[in-house]
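Below is one structure, written out as structure tokens; the observations come after it.
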Amino acid sequence: MNNIIHDIRKQQHAAFDSAAAGYDEHFSYSQTGRVQRKRVHYFLKKHIAALTGKNILELNCGTGEDAIWMAEQDCRVTATDLSAGMICVLENKLNLYPSLPVKPLQCGFDEVSTKLAGSSYDFILSNFGGLNCISNLSLTRLSAELHSITTKGAAIALVIMSKQCWWEKFYFWIKGNKQERNRRLQAGPVTVNINGNSQPVWYYNPVEIEKIFSGEFTKLYTKPVGLFIPPSYMEGYFSRRKGLLQLLNGLEKLLGGFSFLSAYADHFLIVLKRKDTI
């Protein structure tokens with residue numbers, strides 16, 4: 001088992017280090033990436049504004065776009081990622097914002113109990129599918145570890161790639177690729193190519209995530225992210241049709257508040273509250 005975990009960790013290092021330099025260009029600053037992130041921020045803002053404490057942990061922070069945004073909301077952010085390349089990009093950004101209270105830290109999901117031991121966070125964020133890189137067994141262990149480093153009444157917000165994404169089914173139906181159309185429905189991991197590196201990815205639905213975290217956290221709600229906003233791999237098409245993307249973003253704002261649609265979006269946001277013992 002330890003050898004398997006070590007091999008997956010090496011794959012993740014290679015995959016995301018290789019993607020770090022171009023991540024912002026291909027996702028963060030893309031048209032589709034921007035509107036999806038704004039949608040996440042729309043839901044998060046009320047939680048962050050209501051925090052009594054302002055100590056936030058971000059898992060799989062990538063190049064730090066969310067960490068910087070949360071710090072601009074008067075929060076102290078510990079921004080963690082397994083990839084040294086991603087952390088390096090974030091550190092370069094922070095040179096432009098020296099007063100922002102963001103602490104970058106290279107830390108994988110399996111290192112939370114060691115590198116963050118003794119810490120105490122009022123809110124935790126994992127955005128855009130980072131948790132899809134680990135199995136349900138690893139998520140169960142992570143749930144207990146997150147409980148141990150959160151304050152009483154703390155919430156965690158997880159944005160996860162869904163199993164039933166209708167955009168993906170439509171995209172591969174148009175291409176006539178039945179195998180890819182149903183790839184997210186596999187019980188085990190799907191091998192995804194990231195810059196020439198193989199990365200195992202597990203897809204989940206909201207009910208599965210609620211169950212995995214139910215020992216330590218209670219679900220508050222779920223929301224779709226990318227129900228009408230298309231996935232980033234369709235950027236080439238929609239970047240040339242900005243009016244259509246604006247229309248789809250409008251539909252997302254109009255109908256994307258319905259929790260029952262979460263399972264059919266590209267991602268879903270699930271917000272859970274820490275269970276506290278008396």
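The values are calculated or read from the model by the stated rules, or taken from the named source; none is laboratory data. Quick caveat: nothing in here was measured; it's all calculated off a predicted structure. Cβ sites come from the backbone with ideal geometry, for glycine too, and all protein chains shown count toward neighbours. Keep in mind that these areas ignore ligands, DNA and RNA; they rest on the heavy atoms of the full protein, side chains included. Shrake-Rupley method; radii C 1.70, N 1.55, O 1.52, S 1.80 Å.
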Regarding segment 192-201, can at least one residue be identified that is loosely packed, with under 15 Cβ neighbours inside 10 Å, assigned to a strand (DSSP E or B) and free of Cβ contacts under 8 Å to residues at least 40 places away in the same chain? yes
Just a yes or no: is a residue in segment 91-105 touching a Gly at 6+ places or on another chain (Cβ under 6 Å) and farther than 20 Å from VAL201 by Cα? yes
Go through segment 119-140 and give me each residue that's farther than 17 Å from ASP81 by Cβ and touching a residue at least 12 places away in the same chain (Cβ under 8 Å). SER120, ASP122, PHE123, SER135, ASN136, LEU139, THR140
Here's a check for you: in segment 102-155, which residue that is open to solvent by 40 Å² or more (accessible area, probe 1.4 Å) and part of a strand (DSSP E or B) is nearest to ARG76 (Cα to Cα)? LYS103
TRP167 being part of a helix (DSSP H, G or I) and either open to solvent by 40 Å² or more (accessible area, probe 1.4 Å) or of a type in the set (S, T, N, Q) (or both): no
Every pair of residues 6+ apart whose Cβ atoms lie under 8 Å, when the first sits in segment 205-234 and is under 9 Å from SER262 (Cβ atoms) and open to solvent by less than 50 Å² (accessible area, probe 1.4 Å) while the second is part of a loop (DSSP other than H, G, I, E, B) and aliphatic (A, V, I, L, M): PRO224/ALA265; VAL225/ALA265; LEU227/ALA265
Within segment 32-48, track down each residue that is of a type outside the set (Ser, Thr, Tyr), open to solvent by 40 Å² or more (accessible area, probe 1.4 Å) and modelled with pLDDT of 95 or more. ARG34, LYS38, LYS45
